[in-house]
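Taking it in order: structure first as structure tokens, then the write-up.
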Amino acid sequence: MKTELLGVMFDDITLHEAVEAAMGIIAQGGFHYAVTPNAEFVQLAQRDPAFRTLLNGADLVLPDGIGVVYAAKILGRPIKGRVPGVDFAASLMAEMAKQGNRLFLLGAKPGVAEKAAGRLAAEYRGLQIAGLNDGYFSDSGVVADKIKDSGADVVFVCLGAPKQEQFMKEYGARTGASLLVGLGGSLDVFAGEVQRAPQGWQNMGCEWLYRLLKQPSRIGRMAKLPLFLVSAVKERIRGA
Ligand code: UDP
């Protein structure tokens with residue numbers, strides 16, 4: 001079921017349901033893509049209708065951040081909970097490993113995808129790492145062809161927004177993969193370059209605070225987030 005939040009059509013879905021849907025997509029074949037919007041994405045979509053169309057055109061729109069869950073409550077349309085992109089990716093790899101599916105890792109600084117590939121292959125036995133490429137390339141067509149040659153079923157596209165969504169929409173079909181997933185900084189996490197918040201912080205909905213403390217340079221990006229909740233309050237008042 002879809003829930004509209006400030007112009008973005010989210011899937012109101014649990015992590016388990018999202019992985020089930022993704023495995024169905026892989027089995028079905030053909031070109032599909034998934035996005036993992038957080039509050040920052042929704043704010044960008046409010047300013048940029050083309051980006052909103054990219055998000056709403058996805059086969060799966062997963063609520064990545066706690067801000068989205070709060071906005072849903074404020075708007076009187078509560079959703080089941082957040083589905084962090086990095087958790088979705090981990091659970092999906094566990095299922096892909098059982099099927100022997102092929103995964104291509106795209107994005108992050110040179111060397112990061114290699115490091116992630118080594119760790120993921122060790123953790124998810126049976127998962128085939130079909131290939132990888134860093135995220136600082138100049139010719140998207142060449143990268144799409146490289147993915148096609150790899151025979152990947154799934155591509156983790158970790159280029160940050162909106163670059164990753166634009167790549168998936170424009171070049172996704174050319175890759176021959178069944179499912180491309182936009183996953184922001186997930187490769188940095190899988191490579192062990194960036195630590196996720198401890199579970200307790202995650203449970204309290206404070207993962208964003210942990211991330212800010214670890215990467216204080218994100219303060220400029222995060223300072224806009226309270227405005228996101230304010231826009232949810234304004235829409236609620238308008239609609240009430
Ligand atoms: N990145 C990339 N190519 C670019 C710009 C960014 O591969 O042209 C990578 C960057 O190295 C990082 C990820 O994209 O690994 C974006 O991380 P960010 O923290 O912005 O994503 P978030 O998880 O917040 O969505």
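The table below gives the values:
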| quantity | calculated |
| --- | --- |
| Shape call, segment 174-233: gyration tensor on alpha carbons, a/c limit 1.5 | oblate |
| Among the listed pairs Lys2/Lys98; Lys115/Lys146; Lys115/Lys169; Lys109/Lys163; Lys146/Lys169, those beyond 21 Å (Cα-Cα) | Lys2/Lys98; Lys115/Lys169 |
| Whole-percent carbon and sulfur share, accessible surface of the chain, 1.4 Å | 54 |
| Cα-based convex hull volume of segment 130-199 per residue, rounded to whole Å³ | 97 |
| Segment 109-166, Cα convex hull volume normalised per residue, Å³ | 88 |
| Rg in Å to one decimal, and Dmax rounded to a whole Å, for segment 18-104 via C-alpha atoms | 14.3, 42 |
| Å² of accessible area per residue within the chain, as computed with a 1.4 Å probe and no ligands counted | 46 |
| Peptides 50-61, 195-206, 212-223, 80-91 ordered by average Cβ neighbours within 10 Å, highest first | 80-91, 50-61, 195-206, 212-223 |
| Share, in percent, of DSSP beta bridges within the chain that are antiparallel, nearest 5 | 15 |
| Kirkwood-type radius of segment 74-113, with distances r between different C-alpha atoms, in Å | 13.0 |
| Eligible aspartates and glutamates near Lys73 by straight Cα distance, threshold 17 Å, same-chain separation 8 or greater | Glu4, Asp11, Asp12, Asp64, Glu235 |
| Principal axis box of segment 86-240, alpha-carbon based, largest edge first, Å | 51, 34, 30 |
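The values are calculated or read from the model by the stated rules, or taken from the named source; none is laboratory data. Everything numeric in this text was worked out from a predicted model, so none of it was measured. Neighbour counts are summed over all protein chains in view; Cβ atoms, including those assigned to glycine, are modelled from backbone coordinates with ideal geometry. Areas reflect the complete protein model, heavy atoms only, side chains present, ligands, DNA and RNA absent. Shrake-Rupley method; radii C 1.70, N 1.55, O 1.52, S 1.80 Å.
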